[in-house]
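The values are calculated or read from the model by the stated rules, or taken from the named source; none is laboratory data. Keep in mind it's a predicted model, so treat the numbers as computed, not measured. Cβ coordinates were reconstructed from backbone atoms using ideal geometry, including for glycine residues, and neighbour counts include every protein chain displayed. In case anyone asks, the SASA skips ligands and DNA or RNA and just uses the protein heavy atoms, side chains included. Shrake-Rupley method; radii C 1.70, N 1.55, O 1.52, S 1.80 Å.
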Amino acid sequence: METTALKAKAAQIRMDLLKMIHGAKTGHTGGSLSNTDILTALYYRVMKIDPANPKWDGRDRFIASKGHSVESLWCILGDLGFFPKEELKTFSQFGTRLIGHPNNKVPGIEMNTGALGHGLAIGVGMALAAKRDGRDYRVFCLMGDGEQAEGSVWEAAMAGPHYKLDNLVAIIDRNRLQISGSTEEVMGLEPLEEKWAAFGWHVVSIDGNDMEQLVRTFEAAPSIPGKPTLVMANTVKGKGVSFAENVAHWHHHVPNEEQLALALAELSAAIESYEQEGLVR
Amino acid sequence: MANTIPNRQVICDTLLELAKEDRDIMVLASDSRGSAAMAPFAKAYPEQFVEVGIAEQNIVGISAGLAHSGKKPFVTSPACFLSMRSIEQIKVDVAYSATNVKLVGISGGVSYGALGMSHHSVQDLAVSRAIPGLAVILPADRHETKRMTEALVKHEGGAYIRIGRNPVEDVYENDDYEFVIGKAVTLREGGDLTIIAAGETVRVALDAHDALKEAGVSCRVINMHTIKPLDEEAVIRAAAETGHIITVEEHSIHGGLGAAVAEVVVQHKPVPMRILGIPDEPAIAGKSAEVFDHYGISAGNIKKIALDLLGR
């Protein structure tokens, strides 16, 4: 998918997830909005996947280590046809497969996550298996920035470069907010890029809500053979919805009718402008 | 002649043999290849060996990733850390995600006797038993360890295995029997009471059987090598046929073998029971044998408990 179409797709996914969260009256709104561009770039452009054959051997693997922002992922998997899109209406309802965290009973989900700090070690294992078997698939692992406070992240951070896993791409959704406030107030992370570089990662810092930069970065990885890549995706929590942007309260706040209407109007306008942009090109 | 081969070495030897044919078998260590006796495997199959360093959360996560990719990882790490420091990874990455990871806790129980409570692993059965779908296994001797390892390679799903550090006296005469996960082995028949043991206490239970025989007590001995899924049928039959049960374990009296057996007994065939293990205290430091002796995990004490239970 071309970049302009990806931008429009991301806006559509944001609309879908807001409707879904509104309908379910629960969900992690802020973090899902911040990582939507990252997931859209991966799922509609970068990753080798086959929705008709979710367990295809050669597929790239994705692990949502920040499992709580699964809403954008559910909407994308539904949109791509991993399961009937209609099922999004069951999100967080009694007995559903589409729970508030990734669930590998749903096609397209590799591993169950939800406990923070687990994903990267799993990614190391998957990437290591690929290396040992001489396979060429890549492993993408999305973490939160608040998640960086988990010690287990750094155990895995040590192992990736040790095993020269250049088929591993870790992404930090650096939106600078966690449930209790700013990451730097809760538990200071900076200088975060230097920490990852010191652990032996090739660190690339980008605007994580900029589709061109996302696509370029993910497609280029690994740019240094023998080194895993850490993409510091600087994002805005609540991205795309004016009143939710950069507000910690929206971590898991649910939009009311009025807020939903306003958000959908903003996102529709964005889609229209992307369509115009596409026509101009 | 006394056995001189520790169970950890048997696991390595068996995996070395099986790995010839099965390139998916992998062994992981957390700076523990020496204590797990896995150095020969690391040397023979470097492509099937992964060193993770001292990082028990990481070793379980990495194993889950390997298993997801079709590998059959055997994690070998001290039981005290593997079973508890990484219990959340075991719950989420192994059990919840249904990955085929075998967690081999080495130097379990009070094997690291003199190193103190930090290194004792006498809560591992309680925590691992509470994880859905996780098999929990304690082999009794080197022969059973060999058969168990072969069975684990074929078994699809997560398992926690606890072995001790030192060689244990043989329980079986040879390895000519079938090890079935979840199927207890009746080692001695008897009608007055049943001793149920697992791991290194099976040998103690057999010695207690002999001591009780001299006292005219007919004692059944069950090797409950799988704590989960527990062989409920064997327990119910023992309760019905012998009327009294003593459990013996190298574990806290809370949440281990005795608790597992008691859960079945009280719900299906209530009979008088005694649970022998480590009391609710930081266990005393010393050699395994000394610690066992201190807490009465001995043939003599079991005989005393049995006679008391039988009112003799």
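Of the residues A:279, A:262, only one is surrounded by fewer than 14 Cβ atoms within 10 Å (Cβ to Cβ), among the aliphatic types (A, V, I, L, M) and assigned to a helix (DSSP H, G or I); which?
Details: A:262 fails: surrounded by fewer than 14 Cβ atoms within 10 Å (Cβ to Cβ).
The match here is A:279.
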Top-ranked residue in segment A:66-98 [being touching a residue at least 24 places away in the same chain (Cβ under 8 Å) and more than 23 Å from residue A:6 (Cβ to Cβ); ranked as surrounded by the most Cβ atoms within 10 Å (Cβ to Cβ)]: A:67
Between a first residue in segment B:42-68 that is within 9 Å of chain A (Cβ to nearest Cβ) and farther than 14 Å from residue A:128 by Cβ and a second residue that is surrounded by fewer than 24 Cβ atoms within 10 Å (Cβ to Cβ) and of a type in the set (Phe, Trp, Tyr), which pairs have beta carbons less than 6 Å apart while being 6 or more apart in sequence or on different chains? B:56/B:81
Could you run through segment A:201-255 and say how many residues are touching a residue at least 60 places away in the same chain (Cβ under 8 Å), open to solvent by 20 Å² or more (accessible area, probe 1.4 Å) and among the aliphatic types (A, V, I, L, M)? 4
Out of segment B:132-151, which residues are touching a strand residue (DSSP E or B) at 6+ places or on another chain (Cβ under 8 Å) and surrounded by fewer than 24 Cβ atoms within 10 Å (Cβ to Cβ)? B:134, B:135
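Specify which of the listed residues (A:125, A:119) is free of Cβ contacts under 8 Å to residues at least 60 places away in the same chain and closer than 20 Å to residue A:175 by Cβ. First the steps, then the outcome.
Details: A:125 fails: closer than 20 Å to residue A:175 by Cβ.
Answer to the check: A:119.
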Which is surrounded by fewer than 18 Cβ atoms within 10 Å (Cβ to Cβ) and either under 16 Å from residue B:105 (Cα atoms) or among the hydrophobic types (A, V, I, L, M, F, W, C) (or both), of B:55, B:44, B:19, B:29? B:44
Could you check segment A:108-149 and list, in sequence order, the residues that are farther than 30 Å from residue A:182 by Cα and either touching a Cys at 6+ places or on another chain (Cβ under 8 Å) or of a type in the set (Lys, Arg) (or both)? A:131, A:132, A:135, A:138
For segment A:124-147, the count of residues that are more than 8 Å from chain B (Cβ to nearest Cβ), in a helix (DSSP H, G or I) and in contact with a strand residue (DSSP E or B) (Cβ under 7 Å, 6 or more places away or on another chain) equals 1
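If only one of A:115, A:52, A:121 is hydrophobic (A, V, I, L, M, F, W, C) and not in a loop (DSSP other than H, G, I, E, B), which one is it? Spell out how you get there, then give the answer.
Values: A:115 fails: not in a loop (DSSP other than H, G, I, E, B); A:52 fails: not in a loop (DSSP other than H, G, I, E, B).
Residue meeting the stated conditions: A:121.
Counting residues that are open to solvent by less than 20 Å² (accessible area, probe 1.4 Å), which strands (runs of 3 or more DSSP E) fully inside segment B:213-302 reach at least 3?
Here the list reads B:219-223, B:245-252, B:273-278.
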Taking residue B:176, is it open to solvent by 50 Å² or more (accessible area, probe 1.4 Å) and closer than 26 Å to residue B:120 by Cβ? no
Scope segment A:112-151; condition open to solvent by 10 Å² or more (accessible area, probe 1.4 Å) and closer than 16 Å to residue B:94 by Cβ; matching residues: A:114, A:115
Considering (1) surrounded by fewer than 24 Cβ atoms within 10 Å (Cβ to Cβ); (2) within 14 Å of chain A (Cβ to nearest Cβ); (3) not polar (S, T, N, Q), say which one residue B:101 fails and leave the rest. (1)
Taking the residues in segment B:70-90 that are facing chain A (nearest Cβ under 7 Å) and surrounded by 20 or more Cβ atoms within 10 Å (Cβ to Cβ) as candidates, determine which candidate is farthest from the chain's Cα centre (by Cα). B:71
What do you reckon, is residue B:67 under 24 Å from residue A:63 (Cβ atoms), buried (at least 24 other Cβ atoms within 10 Å of the Cβ), at pLDDT 95 or above and not basic (Lys, Arg)? yes
